Amino acid sequence: MRKYAVLLLVALTFGSCHQFEDGPDFSFRTKTTRISREWVLQDVLRNELDTVTSEYHFGISFDGDENFVLRDTSYASGSAVETVTSGVWQFNDDDLLILLFTDGNGINSSRVWRILRLSTEEFWAIEQVNNDYYEYHLVERP
C-alpha cells in the first residue's frame, strides 16, 4: 500500500508540472484553468529592448470553452476608440497559444503566441509580427 502512495505522490508532483520559460515551475491548476480569466496589458517589449506600452492598450478574456474577447483601445484625435474582436483559442504543443479571429465580414485570421509565463496572476506571451518580436506582460484584471 505504501508503494502505491509513493507512486501516487510522484505522479501528482510531476504530472502537474509544466515549465514555461518564465514559470511557474509547479501548479496544481491546469493551463486552461489558469488562462480562463480576464487579463489587462501591463507592459509590452519590442525585440526585448524597447518598452512600447504607451502605444498599446488592450485587455483579453478567455473562457474555459475556448472562446476569447479582445478589447483594443486606441486614442485617435484625442478620444478613446474601443475595438472588440472575438474568436476561439486553443493550446498547441506545450507552450503555444493559437488565437483564431473572425471579423464582421467573415474573414478569418490567426495569431500564435508562445507562452512564457502563465500563473493565476500573470500571463506573459511573445509573438512575431513581420521582423519584430512583441512580448506582452498581462495581469489579471482586479
**Asked** Going through the stretch 119-141 one residue at a time, which ones are within 18 Å of residue 58 (Cα to Cα), surrounded by 12 or more Cβ atoms within 10 Å (Cβ to Cβ) and touching a residue at least 40 places away in the same chain (Cβ under 8 Å)?
**Response** 123, 124, 133, 134, 135, 136, 137, 138, 139, 140
**Asked** Of all residues in the stretch 93-109, which are within 14 Å of the chain's Cα centre (by Cα) and either open to solvent by 70 Å² or more (accessible area, probe 1.4 Å) or at pLDDT 90 or above (or both)?
**Response** 94, 96, 97, 98, 99, 100
**Message:** Every residue in the stretch 67-85 that is more than 13 Å from residue 57 (Cα to Cα) and surrounded by 14 or more Cβ atoms within 10 Å (Cβ to Cβ), please.
**Reply:** 68, 69, 85
**Message:** residue 40 - would you say it is part of a strand (DSSP E or B) and either touching a His at 6+ places or on another chain (Cβ under 8 Å) or within 20 Å of residue 30 (Cα to Cα) (or both)?
**Reply:** no
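Residues 135, 82, 127, 66: which one is under 18 Å from residue 33 (Cβ atoms) and not aromatic (Phe, Trp, Tyr)? Steps first, answer last, please.
Details: 135 fails: under 18 Å from residue 33 (Cβ atoms); 82 fails: under 18 Å from residue 33 (Cβ atoms); 127 fails: under 18 Å from residue 33 (Cβ atoms).
One residue alone meets the criteria, 66.
Okay, residues lined up against (1) within 13 Å of the chain's Cα centre (by Cα); (2) at pLDDT 90 or above:
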position	(1), (2)
39	yes, yes
42	yes, yes
48	no, no
51	no, no
54	no, no
59	yes, yes
68	yes, yes
71	no, yes
76	no, no
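The values are calculated or read from the model by the stated rules, or taken from the named source; none is laboratory data. These figures come from a predicted structure and were not determined experimentally. Note: ideal-geometry Cβ built from the backbone for every residue, glycine included; neighbour counts use all protein chains shown. Note: areas computed on protein heavy atoms with side chains; ligands, DNA, RNA excluded. Shrake-Rupley method; radii C 1.70, N 1.55, O 1.52, S 1.80 Å.
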